[in-house]
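The values are calculated or read from the model by the stated rules, or taken from the named source; none is laboratory data. A quick note: this is a predicted structure, and the numbers were derived from the prediction, not measured. Here the Cβ is made from the backbone with ideal geometry for all residues, glycine too, and neighbour counts use every protein chain on show. Surface areas here come from the heavy atoms of the whole protein model, side chains and all, with no ligands, DNA or RNA. Shrake-Rupley method; radii C 1.70, N 1.55, O 1.52, S 1.80 Å.
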Amino acid sequence: MSIVWADDLAGIDWDELSELYRIAPLGNKAPADLALVFGNSMFRAFANEDGRIVGVGRVLADGRDCAYLCDIAVHPDRQGRGLGRDIIERLLVRCRGHRKVILYAVPGKEGFYERLGFRRMTTAMAIFEDQAGAYGRGYLTAP
């Protein structure tokens, strides 16, 4: 079956989306939190196949200067088959006109994003709710 794309929130099963993030594996994201963050995102891409969400991504953006791609997830059954690339490319089209497009990758996945044109930043910094966990998962480097 082919992918059916959507960008609106109508009909999204937030429990199903939460499960996708868990198995992708990108962590535990509560359904209510996902509804909030996707609702506050300027752009979204939902990839559906056989009536289920198999890929997703979103963009926080200000309309001109900065766009931040985040929460890109692909169902394990669909990983390695180009769906992640398709999600990123769809979102990048929506980000045209922004002066910079930023994302941070799961450690070990940087090469995937480099092949799509992203380059490492020398000045990126972050404060995480769980700083120790971020160090442990490789998102932060030691000071």
In the range 125-143, the residues that are closer than 20 Å to residue 26 by Cα and either assigned to a loop (DSSP other than H, G, I, E, B) or open to solvent by less than 40 Å² (accessible area, probe 1.4 Å) (or both): 126, 127, 128, 129, 130, 133, 134, 137, 138, 139, 140, 141
Among the residues in the range 76-95, are any within 15 Å of residue 42 (Cα to Cα) and part of a loop (DSSP other than H, G, I, E, B)? yes
Would you pick out the residues in the range 14-26 that are surrounded by 13 or more Cβ atoms within 10 Å (Cβ to Cβ) and touching a helix residue (DSSP H, G or I) at 6+ places or on another chain (Cβ under 6 Å)? 14, 17, 18
Of those in the range 11-43 that are in a loop (DSSP other than H, G, I, E, B) and of a type in the set (A, V, I, L, M), the residue nearest to residue 94 (Cα to Cα) is 42
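Residue-wise test of (1) under 18 Å from residue 103 (Cβ atoms); (2) out of contact with any Lys or Arg (no Cβ under 6 Å at 6 or more places or on another chain).
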| position | (1), (2) |
| --- | --- |
| 12 | no, yes |
| 17 | no, yes |
| 21 | yes, no |
| 26 | yes, yes |
| 35 | no, yes |
| 42 | yes, yes |
| 48 | no, yes |
| 52 | no, yes |
| 56 | yes, yes |
Out of all the residues in the range 35-46, is one or more buried (at least 17 other Cβ atoms within 10 Å of the Cβ), modelled with pLDDT of 95 or more and within 24 Å of residue 140 (Cα to Cα)? no
Look through 59, 106 and report the one residue that is touching a residue at least 60 places away in the same chain (Cβ under 8 Å) and either open to solvent by less than 20 Å² (accessible area, probe 1.4 Å) or part of a loop (DSSP other than H, G, I, E, B) (or both). 106
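Okay, residues lined up against (1) farther than 19 Å from residue 24 by Cβ; (2) hydrophobic (A, V, I, L, M, F, W, C):
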position: 46; (1), (2): no, yes
position: 70; (1), (2): no, yes
position: 113; (1), (2): no, no
position: 123; (1), (2): yes, no
